[in-house]
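The values are calculated or read from the model by the stated rules, or taken from the named source; none is laboratory data. This structure is a prediction, so every number in the text was calculated from the model and none was measured. Here the Cβ is made from the backbone with ideal geometry for all residues, glycine too, and neighbour counts use every protein chain on show.
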Amino acid sequence: MKRIFIPQALSSRASLGLLFLRLFAGVAMMHHGWGKIQNPFAWMGPTAPVPGFLQGLAALSEFGGGLALILGLLTPLAMLGLLCTMAFAATFHISKGDPLVAKGGGASWELAGLYLVIALCFILVGPGRFSLDSKLFRSSASRA
């Protein structure tokens, strides 16, 4: 079984596509996590049904996971954290009866589902050649 941090050999075009996705999704995740990381254990408010510890993990997975995704550093681990956070968020919205997409705005699970799928894709495929994971974890023979 291959070690999880060794990126798969991908073409330059595929790696370039993953780089663009990593940069855009990482910045968006950091943006969503920024407000949460300011008050990591109580960003949902005092009447939140989610314990402060889990709120802190969500804040860390969004902000820290976004930064890790931009850098392509420890990508599978960071995306596993984000996948768990987004699975919880999607389940939370679905259990409240929120739709996939809310017409005219409002609560939905669209964004949580999208980030969940992005995280799953990076877990399965890796961050690509243009990442710190590729530089740090690939053997020198496989770089040639």
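Quick notes on this one:
- Filtering the stretch 17-31 to residues that are within 17 Å of L132 (Cβ to Cβ) and free of Cβ contacts under 8 Å to residues at least 40 places away in the same chain leaves only F20.
- Flag if A112 is within 21 Å of M29 (Cα to Cα), small (G, A, S) and modelled with pLDDT under 95: no
- Some residue of the stretch 93-103 being among the hydrophobic types (A, V, I, L, M, F, W, C), part of a helix (DSSP H, G or I) and surrounded by fewer than 16 Cβ atoms within 10 Å (Cβ to Cβ): yes
- One residue from G52, G126, G64 being within 20 Å of W34 (Cα to Cα) and surrounded by 15 or more Cβ atoms within 10 Å (Cβ to Cβ): G64
Matching residues to (1) more than 17 Å from F130 (Cβ to Cβ); (2) touching a Lys or Arg at 6+ places or on another chain (Cβ under 8 Å):
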{"residue": "S15", "(1), (2)": "no, yes"}
{"residue": "N39", "(1), (2)": "yes, no"}
{"residue": "A42", "(1), (2)": "yes, no"}
{"residue": "L69", "(1), (2)": "no, yes"}
{"residue": "A102", "(1), (2)": "yes, no"}
{"residue": "A107", "(1), (2)": "yes, yes"}
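- Residues that are buried (at least 19 other Cβ atoms within 10 Å of the Cβ) and within 21 Å of I123 (Cβ to Cβ), drawn from the stretch 31-49: G33
- A42 vs. criteria touching a residue at least 60 places away in the same chain (Cβ under 8 Å) and not in a helix (DSSP H, G or I): no
- Just one residue in the set S134, S108 is touching a helix residue (DSSP H, G or I) at 6+ places or on another chain (Cβ under 7 Å), hydroxyl-bearing (S, T, Y) and either outside any helix (DSSP H, G or I) or over 25 Å from I37 (Cα atoms) (or both); that residue is S108.
- Restricting the stretch 114-123 to residues that are under 11 Å from L82 (Cα atoms) and without any contact (Cβ under 8 Å) to a residue 60 or more places away in the chain leaves a set whose member that is surrounded by the fewest Cβ atoms within 10 Å (Cβ to Cβ) is V117.
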